[in-house]
Amino acid sequence: MADQPDMQSLGKRISSEIGAVVSGVPDTSLIAAARAVLAAPRIFVFGEGRSGLALRMGAMRLVHLGKLVHIVGDATTPAILGGDLLIVASGSGETAVTALITEQAGATGAEVLAFTANAESRIAKAADQVILLRTPAKGGHGEGTSIQAGGSLFEQSLLVTLDTLFLVLAGDDAAATIERHHANLE
């Protein structure tokens, strides 16, 4: 580390990239997603790698709304049924296991909400609703360039978009909503 990086400039650039992606999500997409979340008796989430980790954080916020949420693959996850909602995420939209689970859920009659950067992807085509996170990335998904490696911009934008969705659903009293449903065995 011969040259000292300008940490504040890097942080501002990363924040700016995330802001550009998130602001590109149409309000109508978030409103449709909010309606799907509210209508679903049960919500299932699935994503691989860092996308999966961001979805788990979003799942926690849905629990804070009082929703019944399951992580696909956990030992206690029940069968998904018609009327349930599956939320999936894959920057490329071509992650094999994510695409398979998306297709399987659709075959049960469950509704599928997909977050991806690729509108022509397998998960986008199999989903009922798609929220596009248009991310430029080096060797990643989308067009253009990002200073970040791999899919980092997609995953960070996914988390911010999920938190935005939570705030839309929670309304003016998000802190009280979280407090009512926050884990108390910690």
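What translational diffusion coefficient, in µm²/s and rounded to a whole number, does the Stokes-Einstein relation yield for segment 70-131 at 4 °C and a viscosity of 1.567 mPa s, taking the hydrodynamic radius as the Kirkwood radius over Cα pairs?
114
Please state the relative contact order of the chain as a whole percent: Cα pairs under 8 Å, 6+ residues apart?
For the chain, the relative contact order is 23 percent.
DSSP loop trypsin sites (Lys or Arg not before Pro) in segment 71-160 with at most 15 other Cβ atoms within 10 Å of their Cβ, which ones?
Within segment 71-160, the qualifying trypsin sites (Lys or Arg not before Pro) (loop, at most 15 other Cβ atoms within 10 Å) are K138.
Just from its helices, what would the mean residue ellipticity at 222 nm be for the chain, if runs of 4 or more DSSP H residues each count -39500 (n - 2.57) and the sum is divided by every residue, rounded to the nearest 500 deg cm²/dmol?
So the helix-based figure for the chain works out to -15500 deg cm²/dmol.
At 0.36 nm per residue, and after removing the present C-alpha to C-alpha distance, how many nm does the segment from I31 to D74 gain when stretched out fully?
Working: separation 43, 0.36 × 43 = 15.48 nm, distance 2.89 nm.
Taking 0.36 nm per residue and subtracting the Cα distance, the gain is 12.6 nm.
So what is the diffusion coefficient of segment 30-74 in µm² per second by Stokes-Einstein at 25 °C and 0.890 mPa s, using a Kirkwood Rh over Cα pairs?
The estimated diffusion coefficient comes to 226 µm²/s.
Note the angle between two axes, namely the Cα long axis of helix 96-108 and the longest principal axis of the Cα atoms of the chain, as a number of degrees from 0 to 90, rounded to the nearest 10.
The angle comes out near 30 degrees.
Using only the alpha carbon atoms of segment 1-119, find the Kirkwood hydrodynamic radius as the inverse mean reciprocal pair distance, in angstroms to one decimal.
Taking every pair of different Cα atoms in segment 1-119, averaging 1/r and inverting gives 15.8 Å.
Using only the alpha-carbon atoms, how far is helix 152-170 inclined from the longest principal axis of the chain? Give it as 0 to 90 degrees, nearest 10.
50
Rule-based calculations on the coordinates, nothing more; no lab input. The model shown is predicted, which means the values in this text are computed figures rather than measured ones. As a convention, Cβ positions derive from the backbone with ideal geometry for all residues, glycine included, and neighbour counts pool all protein chains shown.
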